[in-house]
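Asker: Have a look at the structure that comes next, please.
The values are calculated or read from the model by the stated rules, or taken from the named source; none is laboratory data. All values derive from a computational prediction rather than experimental measurement. Cβ placement follows ideal geometry from the backbone for every residue including glycine, while neighbour counts extend to all protein chains displayed. The protein model used for the area step is the full one, side chains on, heavy atoms only, and it has no ligands, DNA or RNA in it. Shrake-Rupley method; radii C 1.70, N 1.55, O 1.52, S 1.80 Å.
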Amino acid sequence: MKHDSSLHQGHVLKRFDEDMRKLQKRVLKMGRLVQEQMDGLRDVLDQNDEERAEQIIEGDRPIDLLEVKVDKFIVRLLARRSPVGGDLRFIVTASRIVTDLERLGDETAQMAKVLVSEYDNLGMCNERSSLEETREMMQLLRQLLERTMDAFRCQDNRFARDLAEGNAAASVELEKRLQGMMSCITQEGADVSHAVNLVLILRSLDRGLRYVQNIGEHVVYLVTGKDVRHRK
């Protein structure tokens, strides 16, 4: 009878491990969907492709649905397994990450909406096309997201901490560019219509950076157990 109990416990642990791997795969899949959205937006910035922009806006729906699916899966895990310690931290981290990924997807779709009707109305900034500058900033954000999701997959605390503290090279560069663009907009003589459209995009990029940094904070929590939110 003791042997049978041990065997049952082994099956339970095996199923729990499978559930945890499944949860990780779904979070990583959601990250890939957002990255694909961002790739599409970069393409729209390269050329005024209204159809591609509409695809990005519609692509936000699968991200929303996957967030709901992951949330339900997490609720079932918590109810059935009563996880503790590192397992509980992993589940909490996954829940927080999918929330920030969903918000990042929303911001990407918002930028696509602006570009659908205002592609040719972003103007120039510091003698450079605002479209080209926005494209490069989007690429920086895309790189940060990919690296951050890798940090989650590999539990890379070093990069996650740098990102959370605003010290990752790409995040420093993106912050600098965002500030430069905002300064350009506020210069006297800026065209109002150009400024309004560009501000909408810059605000989405800025919020997007915050969401990616949030994910870095969540990875730090996963690896160390320390909650570093709101410490910047």
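Asker: Could you list, in sequence order, the residues of the range 101-138 that are more than 15 Å from LEU205 (Cβ to Cβ) and either of a type in the set (Val, Ile, Thr) or assigned to a helix (DSSP H, G or I) (or both)?
Answerer: Result: LEU101, GLU102, VAL116, SER117, GLU118.
Asker: Related question: Evaluate the range 92-108: report whether one residue or more is within 30 Å of THR186 (Cα to Cα) and among the hydrophobic types (A, V, I, L, M, F, W, C).
Answerer: Checking the range 92-108: at least one residue is within 30 Å of THR186 (Cα to Cα) and among the hydrophobic types (A, V, I, L, M, F, W, C).
Asker: Moving on. Of all the residues that make up the range 126-150, how many are open to solvent by less than 10 Å² (accessible area, probe 1.4 Å) and farther than 18 Å from ILE97 by Cα?
Answerer: Of the residues in the range 126-150, 4 are open to solvent by less than 10 Å² (accessible area, probe 1.4 Å) and farther than 18 Å from ILE97 by Cα.
Asker: Further question: Under the condition of being polar (S, T, N, Q) and within 30 Å of VAL199 (Cα to Cα), which residue from the range 50-102 is surrounded by the fewest Cβ atoms within 10 Å (Cβ to Cβ)?
Answerer: GLN55
Asker: If you don't mind, there's one more thing I want to ask. Looking at (1) farther than 22 Å from GLN35 by Cβ; (2) open to solvent by 10 Å² or more (accessible area, probe 1.4 Å); (3) not aromatic (Phe, Trp, Tyr), which is the only condition ASN214 fails?
Answerer: Every listed condition holds for ASN214 apart from (1).
Asker: Being in contact (Cβ under 8 Å) with a residue 60 or more places away in the chain, in contact with an Asp or Glu (Cβ under 8 Å, 6 or more places away or on another chain) and open to solvent by less than 10 Å² (accessible area, probe 1.4 Å) is true for just one of GLY123, GLY105. Which residue is that?
Answerer: GLY105
Asker: What residue, of ASP156, ASP120, ASP150, is at pLDDT 95 or above, among the acidic types (Asp, Glu) and out of contact with any Cys (no Cβ under 9 Å at 6 or more places or on another chain)?
Answerer: It is ASP150.
Asker: Quick check on my filter: what residues within the range 164-181 are open to solvent by 10 Å² or more (accessible area, probe 1.4 Å), of a type outside the set (A, V, I, L, M, F, W, C) and in a helix (DSSP H, G or I)?
Answerer: If the condition is that a residue be open to solvent by 10 Å² or more (accessible area, probe 1.4 Å), of a type outside the set (A, V, I, L, M, F, W, C) and in a helix (DSSP H, G or I), then GLU173, GLU175, LYS176, ARG177, GLN179, GLY180 are the ones that fit.
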